[in-house]
Amino acid sequence: MEYFLTEEQKTVRDLARKIAEERILPLRAELDEREEFPWDIIRQLASSDLFRIFIPEEYEGLGGGCLELCLAVEELSRACSGVAITYAASALGALSILEYGTEEQKRRRLPDIASGKSLAAFALTEATAGSDAGAIKTTATEKEGGYVLNGTKQFITNGGEAEIYTVIALTDKERGARGASAFLVEKDTPGFSFGEKEKKMGIRASSTRELIFRNCFILKENLLGKEGMGFIIALRVLDRSRPGVAAQAVGIAQGALEAATDYARQRIQFEHPIISIQAVQHMLADMAIEVEAARALVYSVARTIDSGAKSITEEAAMAKVFASDVAMRVTTNAVQVFGGAGYIRDYPIEKMMRDAKITQIYEGTNQVLRNVIASELRKRRSRQE
Amino acid sequence: MNIVVCLKQVPGTTEVKIDPQTNTLIREGILNILNPFDAYALEEGVRLKERCGGRVTAISMGPPQAEEMLREAISLGADEAVLLSDKAFAGADTLATSYTLARAIEKLGQTDLIICGRQTFDGDTGQVGPELAEMLGLPFVAYVSKIEDINKGMHLQRMVEEGHEIIELPLPAVITVVKEINVPRLPSLRGLAKAKSAPIPVWTAEELAIDMDKVGLKGSATRVVKVFSPQRVNRGEILQGEPEEQVKNLISKLGDAGIV
């Protein structure tokens, strides 16, 4: 399919593919098995400038946008989405600073994220606040020249590995979600610690931990945006990062499709490769159709964001829901094409199925996002748009 | 620190065809790559620059299409690149190649360190590094596996069969490196952008003010007379049975052959 990518975008895609094939593919089974954080690969992504593509040039980035990020995430995910999400989560952390940071906050933190010296992370979820994100309990109490944070964030990607965290906490408990604010917290701040690394079903190369705040004092200058804007910031930033999760799903699905096709070409049953069996052909064809449709939607949404569109909630949710559902179906069917071998960990395909599942869950469950889409649909019809 | 890295473009396969007339490689239709051993030389040059400052210049003698490989070198961190290309350089053996490279390095001006790969993937001689040092009158260490320290001179580890030797080397000098020295990086986006537009000067025999009798086929001390694949003679025999039986069998065979 012709997606009319610029030369620069093709370069990003090709370089991400090269890194994925030469440096990630040989290690992915081991990283998954040992649940090991891929620092060597992260350093390679950094030295290849991939962390620069989502940062503007004035902060030592290369000034790319959502599409460039999606291309890189897709290619990395094609080999290992555990590595890819580590990369994409840093972009998510950076986005909140990019969108809502003051000039001083941007100058101080973005160059290190661009160079890959620091990873970033974003922390909204808590034990009692998943889909009901407005139910967060972490507080930020004002105190001479700053705020004191108390509470625990859960399931935070890059937790413990990132240097810079965007944390949503309540500055006014009475006002609920409207009393939330966003803060930048650095790793070594006293009173800020991490829980044990979570043992996950998939994306096991990535690090997921609790962030624990016990009387953690941060300076007033670490407030992102204004008090009370925290929830809005979280929603807007997640709108913009969802195409990244969608691209991750497309990459996983593409990897699974290729693996299943290769396997079907060489697996002999009834004296012929199983790809000559129509039942298998149709499965592969359906997988190919869905992957391409998902990619086309993700790229279109990414381009919509890059064009400067203000309201992208609905589109971003659509891309994330569609692509992640595709990834789950395609990887499940890819395991089916592999048959018994697909269930064995010697083959990469069961990992892809485990990795795909999270894309239907994080950054908004597909159920919550369908609510969002339906609500936008209803509003638009009522406005006769 | 001014570092020069010598690179060669080689066929990206070990199944090369030989022109029966000239006994030289047929390069047409084969994807060419940066000699894999030279990638370690380039990486080490770039790492030294990152450690100590300075510039890395990549040079190569070869046909015009070697420019592509030099652009790759820039994408991998070289600051600049020069291609030595002239019809008169064609057919050069290692002696003529070293001579040409030496004249080019002199033209580049003050150089602190020259790094080559241990050998090429196609010719496999491993001679250009040492010959270059001889022609430039510089000290030389082959098979460097680690650069430990750089001050006025360098502390190096050289791979030898039994382990490694620690060597102190004054600068300027020439070294060849082995693959154990580093893991070459992949390109960067900024490097690729720079490589795309970087000017790559081409120096001909005239620009190098070179002795024409010492370059190309004419300046080569060796001639490739014939290239052939040796006949595979399978004479090995594996003795079967219990160890005692095998020993008896072996002694009787050695006796039959008149060895014992």
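Filter the strands (runs of 3 or more DSSP E) completely within the stretch A:180-277 down to those with at least 2 residues that are at pLDDT 95 or above and touching a Pro at 6+ places or on another chain (Cβ under 8 Å). Steps first, answer last, please.
Values: elements: A:180-186, A:192-194, A:208-219.
Hits in the stretch A:180-277: A:208-219.
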(message) Only one of A:GLY225, A:GLY255, A:GLY202, A:GLY251 is over 24 Å from A:ARG329 (Cα atoms), small (Gly, Ala, Ser) and buried (at least 17 other Cβ atoms within 10 Å of the Cβ). Can you tell me which?
(response) A:GLY225
(request) State yes or no: is A:GLU163 modelled with pLDDT of 95 or more, closer than 24 Å to A:LEU110 by Cβ and open to solvent by 10 Å² or more (accessible area, probe 1.4 Å)? (result) yes
(request) Run down A:GLU2, A:GLU57, A:GLU7 and say which single residue is of a type in the set (D, E, K, R), over 17 Å from the mean Cα position of the chain (by Cα) and either surrounded by 16 or more Cβ atoms within 10 Å (Cβ to Cβ) or more than 14 Å from chain B (Cβ to nearest Cβ) (or both). (result) A:GLU2
(message) Which condition from (1) at pLDDT 90 or above; (2) away from every other protein chain (no Cβ under 14 Å); (3) not in a helix (DSSP H, G or I) is the one that B:ARG185 breaks?
(response) (2)
(request) Please name all residue pairs, on different chains or six or more residues apart, with Cβ atoms under 6 Å, provided the first residue is in the stretch A:119-148 and is touching a residue at least 60 places away in the same chain (Cβ under 8 Å) and assigned to a loop (DSSP other than H, G, I, E, B) and the second residue is open to solvent by less than 50 Å² (accessible area, probe 1.4 Å) and hydrophobic (A, V, I, L, M, F, W, C). (result) A:LEU119/A:ALA162; A:LEU124/A:ALA133; A:LEU124/A:ILE168; A:LEU124/A:ALA234; A:SER131/A:VAL368; A:THR138/A:ALA169
(message) If B:THR22 satisfies all but one of (1) crowded, with 21+ Cβ neighbours inside 10 Å; (2) not in a helix (DSSP H, G or I), what's the number of the condition it fails?
(response) (1)
(request) From the list A:ALA323, A:ALA293, pick out the single residue that is open to solvent by less than 40 Å² (accessible area, probe 1.4 Å) and either part of a helix (DSSP H, G or I) or without any contact (Cβ under 8 Å) to a residue 12 or more places away in the chain (or both). (result) A:ALA323
(request) Determine if the stretch A:26-37 includes at least one residue that is out of contact with any strand residue (DSSP E or B) (no Cβ under 6 Å at 6 or more places or on another chain) and within 14 Å of another protein chain (Cβ to nearest Cβ). (result) yes
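The values are calculated or read from the model by the stated rules, or taken from the named source; none is laboratory data. These numbers come from a predicted model, not from an experiment. Cβ: placed from backbone, ideal geometry, glycine included. Neighbour counts: every protein chain shown. To get the accessible areas, we keep the full protein, side chains included, count just its heavy atoms, and leave off ligands, DNA and RNA. Shrake-Rupley method; radii C 1.70, N 1.55, O 1.52, S 1.80 Å.
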